[in-house]
Ligand SMILES: [Mn+2]
Ligand SMILES: [Mn+2]
Ligand SMILES: [Mn+2]
């Protein structure tokens, strides 16, 4: 394993000494935001993790090495290269490593690498899910199967409502994945605190979260946990507005014959248009908010 | 594990000495039948297991402890509290344990706890499955994924036809779960011996069942087994009558706009209305019948 | 395990000494081709494996024993018995072994047995997939779940277009299974080199394939790999012709009310009618071609 996996000195020492560590993904850097906001956000996220007493471990593949704990230079490198960096999910990882390529890791691949490294907590923006129409297209993110099997707690702001949130929650239920609302009994929808769907578990403090997660793994109930952390009120977009925007974008996509893999980027672009720059700012703020909670959760887990 | 899991003295000794043990679930006590029939049935089921030379281990979470082998007092306690006890599937178990709550375990959670305890055979009424319309709603019981991965033989009277039996059997096939008809080549539909669907394996004696199940696990083919044990002829409801009842209930639910999670309880209530008290009596009798077969199967497995 | 599993002397020695071995399935012998072409092809496939420096291990259940490395007599025996031999997928294996029966192993069962025996590469014709309409019928081959969990590289000519290739590829993506095109960026459709669907990884040499596969398993990314090896140009059927043939057969099946499990055999028979004998010849040639690549892949893997 050492042949492929390179932990930074800081991350390696933290793990060896039981210091809390938070994994961070790199798709958001290369594919999720424009440059230079992507690099600024990635560095700000690391700073928030540190301020909350944990060590950040941003994860990516660089030149075929799986790096856990990128340097600032590596983050800048990925941020500049942007979307030309291969997006790496579970199925792509062997190829990118074997060929010595660069890769930006999705939620699924980052979870896998975190678990392989011994990191239990991971902060991201939103998780993947069942796409709208996924009951017909089978377009279902590999993130959900990773949650079904890999022992990592993923702190996110929920699922974007361009996906089918109801089907996503049913899928997670079938696979036995706990979905824990942090301070809320409603599953959040990324840009908004509301979604119209309930969570089945609520926790109000990082300590409470940590206790539930520890019991899960102690019992041998393998697999991940979705920690659903709503975007802070002051940065959230308006629920009615975003719902209308997405509904009209979905309709427009259907009318224009946009299909298959093109639908999601189309909807994301539309949402961005409609909300002006507000969606990027919301995205940045919710990631920072998730990093904060993830660090506090990692701290609490390290005490148990 | 000992911190959370409490085996009764009798169950612990039986497992240590290789005495056959049969796991029993508690959702049927708290959610499946009215009081006091729920408690009477639970105790009668335990008696049947004993009469057939095995030790019963009714499973539930009480005050955050996972109890394997409830006392009569604990069964009475759950039976009186009834539906206010949390229904605990795989995803809910960490929460209920961490918070020190009571929980009635579903087929999925009971299978998991049985396997964790070293119990190989479990008797229940019917297993969960794919709900009608599940190809659109993704409403698919976590019982099916538990069967895909956890090494326990589940003796049931099949699947209630308020679910989609055809889709349930396809799902189990995809995940490689054996469905063994006991003395029948037709998959039973809980209240009836018929369903219109075939099983792919038939076994005629507990010894034959035991041999197939032992080979499965010896080969490293991990996961559960569905033992489909038809309700005894004399207690079974009329197939045409129940089919008509369910079909009309499904239609009525659609007309009244009953949706999502409300459909199943609605259909169950309707079936009860239409069949008068006969459905409760059938339910009790099929559970006793399953307990008998489970005990005989556990005895045969203990000889191999 | 030794009680049920019997490796031929040659296969046992090869595995002990690190000599490359290629697993071969037996459903193609008993169910996939008429006699005597089935036996001739099975022996020709073994010959091709040997010519490419690997040891063939044809797998089947005979009299309840799982045989890895059939003798010529055993291949002839299965070929003569033909479709009356039970088709054995993962769920059927315990039954056939426990009852001392004969069984022809599918892709799923052969993968499982190969992995149990320590064989890493397996050559077949085509893999199973999501059936047309599978999003409604849940008719999804157990081969796909076996690919999701069992560490074997399966060399095939893709998926027959009587199945839904798009849904099959989405399903594999969700479960994190790499689909590697050998010398092509298009997923092949068994009789044809084209399908209209892309693969996400291309490899151009057996050494490149071997390196990707080794990295996958070294990383602990458990599960299979689909090596998609297009039928040689000179034997491939015409894409437009086969597409038209299948589309019209699908329509005809719907009009005649052919349903459920009867649809696939109906479509296969129609394709055979329409293509005259060409489809059988194509089938034979693509299997030989897959055996060749599988042997070369096994050789490369044995060097790493
Ligand atoms: Mn997808
Ligand atoms: Mn459900
Ligand atoms: Mn099928």
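Any read-out appearing in this document is the output of simple, stated calculations on the displayed coordinates, not a laboratory observation. Please read these numbers as outputs of a predicted model, since none were measured by experiment. Note that each Cβ is placed from the backbone with ideal geometry, even for glycine, and that neighbours are counted across all protein chains shown.
For the range B:120-159, give me the residue count where each residue is more than 13 Å from chain C (Cβ to nearest Cβ), free of Cβ contacts under 8 Å to residues at least 40 places away in the same chain and more than 13 Å from ligand 2 (Cβ to nearest atom).
Matching residues across the range B:120-159 total 1.
Looking only at residues in the range B:249-262 that are closer than 21 Å to residue B:196 by Cβ and touching a residue at least 24 places away in the same chain (Cβ under 8 Å), which one is nearest to ligand 3 (Cβ to nearest atom)?
Looking at the filtered set, the residue picked out is B:250.
Determine which member of the set C:78, C:101, C:70 is farther than 30 Å from residue B:134 by Cα, part of a loop (DSSP other than H, G, I, E, B) and either within 16 Å of ligand 1 (Cβ to nearest atom) or away from chain B (no Cβ under 14 Å) (or both).
Exactly one residue qualifies, and that residue is C:70.
Select from the range C:88-108 the residues that are touching a helix residue (DSSP H, G or I) at 6+ places or on another chain (Cβ under 6 Å) and touching a residue at least 12 places away in the same chain (Cβ under 8 Å) and list them in ascending order.
Those that are touching a helix residue (DSSP H, G or I) at 6+ places or on another chain (Cβ under 6 Å) and touching a residue at least 12 places away in the same chain (Cβ under 8 Å): C:88, C:89, C:90, C:93, C:97, C:98, C:103, C:104, C:106, C:107, C:108.
Suppose we filter A:6, A:39, A:45 for residues that are in contact with a helix residue (DSSP H, G or I) (Cβ under 9 Å, 6 or more places away or on another chain) and over 22 Å from residue A:269 (Cβ atoms); which single one remains?
Checking each option against the conditions leaves just A:45.
Test of understanding: among B:224, B:257, B:220, B:276, which residue is closer than 21 Å to residue B:146 by Cβ, surrounded by fewer than 18 Cβ atoms within 10 Å (Cβ to Cβ) and away from ligand 2 (no atom under 16 Å from the Cβ)?
Exactly one of B:224, B:257, B:220, B:276 is closer than 21 Å to residue B:146 by Cβ, surrounded by fewer than 18 Cβ atoms within 10 Å (Cβ to Cβ) and away from ligand 2 (no atom under 16 Å from the Cβ), namely B:220.
Report those helices (runs of 4 or more DSSP H) wholly inside the range C:133-188 carrying at least 1 residues which are more than 16 Å from ligand 3 (Cβ to nearest atom) and within 21 Å of residue C:239 (Cα to Cα).
C:165-174
Go through (1) more than 17 Å from the chain's Cα centre (by Cα); (2) surrounded by fewer than 19 Cβ atoms within 10 Å (Cβ to Cβ); (3) farther than 28 Å from residue C:206 by Cα for residue C:118 and report which single condition fails.
(3)
Considering only the range B:206-217, how many residues are more than 8 Å from every other protein chain (Cβ to nearest Cβ) and buried (at least 21 other Cβ atoms within 10 Å of the Cβ)?
The total comes to 3.
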